[in-house]
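What follows draws every value from the coordinates through simple rules; no lab data is involved. Computed from a predicted model, the values in this text were never measured in an experiment. Note: ideal-geometry Cβ built from the backbone for every residue, glycine included; neighbour counts use all protein chains shown.
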Amino acid sequence: MRKHIVAGNWKMNKTFSEADDLLNDIMEKLESTTLDKNTQLIVCPPFPFLEMTSDDSDDSYFLVGAQNVSDQEVGAYTGEVSAAMLESLEIDYCIVGHSERRAYYHETDEIVARKVDQLLKHNLKPIVCCGEVLEEREAGKQCEVVRKQIEEGLFHLTEEQFSNVIIAYEPVWAIGTGKTATPDQAQEMHAFIRSLIAGKYGDAVAEETSILYGGSCKPSNAKELFANKDVDGGLIGGASLKAEDFIDIATAF
Ligand code: PGA
């Protein structure tokens with residue numbers, strides 16, 4: 001049975017002490033919550049808080065992800081953070097290709113592919129984001145857009161490499177807007193993504209790949225989104241900044 005995953009993407013929020021407080025709140029909530037054994041909780045804080053989060057995760061029930069990584073191995077790349085650095089902090093996951101990085105930092109599918117390669121080389125699992133903007137959906141092009149992102153960002157991988165990848169479908173028009181994809185829209189796209197994976201790597205690999213939904217996912221809609229057979233969890237932005245909401249979502253399966 002493929003894993004259910006709920007990952008909190010804190011984006012560029014929280015100071016050090018606020019991050020400390022949020023982690024403590026999450027750990028306290030987890031003390032009194034029984035997560036389903038098949039559910040993996042992941043916290044993705046900004047880089048400066050990764051070490052603290054990683055230390056806290058040793059005593060709690062979550063794993064840690066970064067929000068970005070360099071597409072280069074090492075050297076003169078001022079301001080960048082390498083996969084080797086994340087590996088040395090024992091970080092388990094990393095978000096790649098988020099629509100905010102694609103839109104504001106010109107992250108192309110080629111760059112996404114190189115970042116994925118770096119992560120896999122250093123034993124991190126990539127959480128690879130895909131999704132269409134509103135005009136693309138209105139033009140009925142959402143499948144075409146997502147197909148290109150998946151093919152160009154991921155389909156150079158071997159089957160063994162691909163088995164470490166998590167996919168997050170995040171319709172850009174639903175991110176931070178309060179507009180959520182309907183459960184049917186989410187299921188339709190997730191099934192499409194799974195069919196692409198099956199076409200490339202076969203049914204067994206497709207069945208094992210966790211495909212998360214992201215975009216205004218919150219406690220009030222998580223249950224109906226996660227009830228769909230191809231929706232294996234969520235990548236949570238705003239609602240992951242409140243421990244109670246984040247853990248409520250994690251128990252919505
Ligand atoms: P949101 O963000 O939950 O605030 O819409 C999701 C994401 O961008 O990962």
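Once you order the gyration tensor axes a ≥ b ≥ c over the Cα atoms, which shape class does segment 144-253 get: rounded for a/c under 1.5, otherwise prolate or oblate by comparing a/b with b/c? Since a/c reaches 1.5 and a/b is larger than b/c, the shape of segment 144-253 is classed as prolate. Rg and Dmax over the alpha-carbon atoms of segment 78-170 stand at 13.7, 45 Å.
Charged neighbours of GLU144, selected by a Cβ distance under 12 Å, balance to +1 (K, R count +1; D, E count -1). A convex hull fitted to the Cα coordinates of segment 13-123 yields 121 cubic angstrom per residue.
If I take R0 = 51 Å and measure r between the Cβ atoms of THR34 and VAL133 in this structure, what FRET efficiency does the formula 1/(1 + (r/R0)^6) give, to the nearest 0.05? Efficiency computed from Cβ-Cβ geometry: 0.85.
Take 37-45, 70-78, 228-236 and order them by the average number of nearby Cβ atoms within 10 Å per residue, most first; the result is 228-236, 37-45, 70-78.
What number, in percent, do you get for the relative contact order of the chain if the mean sequence gap of Cα pairs under 8 Å and at least 6 apart is divided by its residue count?
After rounding, I find 22 percent.
Between the amide H of GLY237 and those of ASN9, GLY215, SER216, CYS217, distances stay under 5 Å, these residues lying 5 or more places away or on another chain, with hydrogens modeled in the peptide plane.
Rounded to two decimals, what is Rg over Rh for segment 4-250 when you use alpha-carbon atoms and the Kirkwood radius?
Details: Rg = 16.9 Å, Rh = 18.0 Å.
Dividing the radius of gyration by the Kirkwood radius yields 0.94.
Considering only alpha-carbon pairs that sit under 8 angstrom and 6 or more positions apart, the relative contact order computed for segment 185-253 is 32 percent.
Distance between the C-alpha centres of segment 122-182 and segment 43-60: 25 Å, rounded to the whole angstrom.
All other residues whose Cβ lies under 15 angstrom from that of ALA103 are scored, Lys and Arg at +1 and Asp and Glu at -1, for a net of -4.
The lysines within cross-link reach of LYS125, meaning a Cα-to-Cα straight distance under 22 Å and a gap of 8 or more places when in the same chain, are LYS3, LYS11, LYS37, LYS115, LYS148, LYS200.
Between THR158, GLN67, ALA206, the Cα set farthest toward the positive side of the dipole of the chain (charges on each charged residue's Cβ, about the Cα centre) is that of ALA206.
Note on segment 16-71: Cα convex hull, mean projected area over all directions, 4.4 nm².
Each stretch of four or more DSSP H residues adds -39500 (n - 2.57); spread over every residue of the chain, this sum gives -12500 deg cm²/dmol at 222 nm. In this structure the amide hydrogen of GLU170, modeled in the peptide plane, comes within under 5 Å of the amide hydrogens of CYS130, GLY131, GLY214, none closer than 5 places in sequence on its chain.
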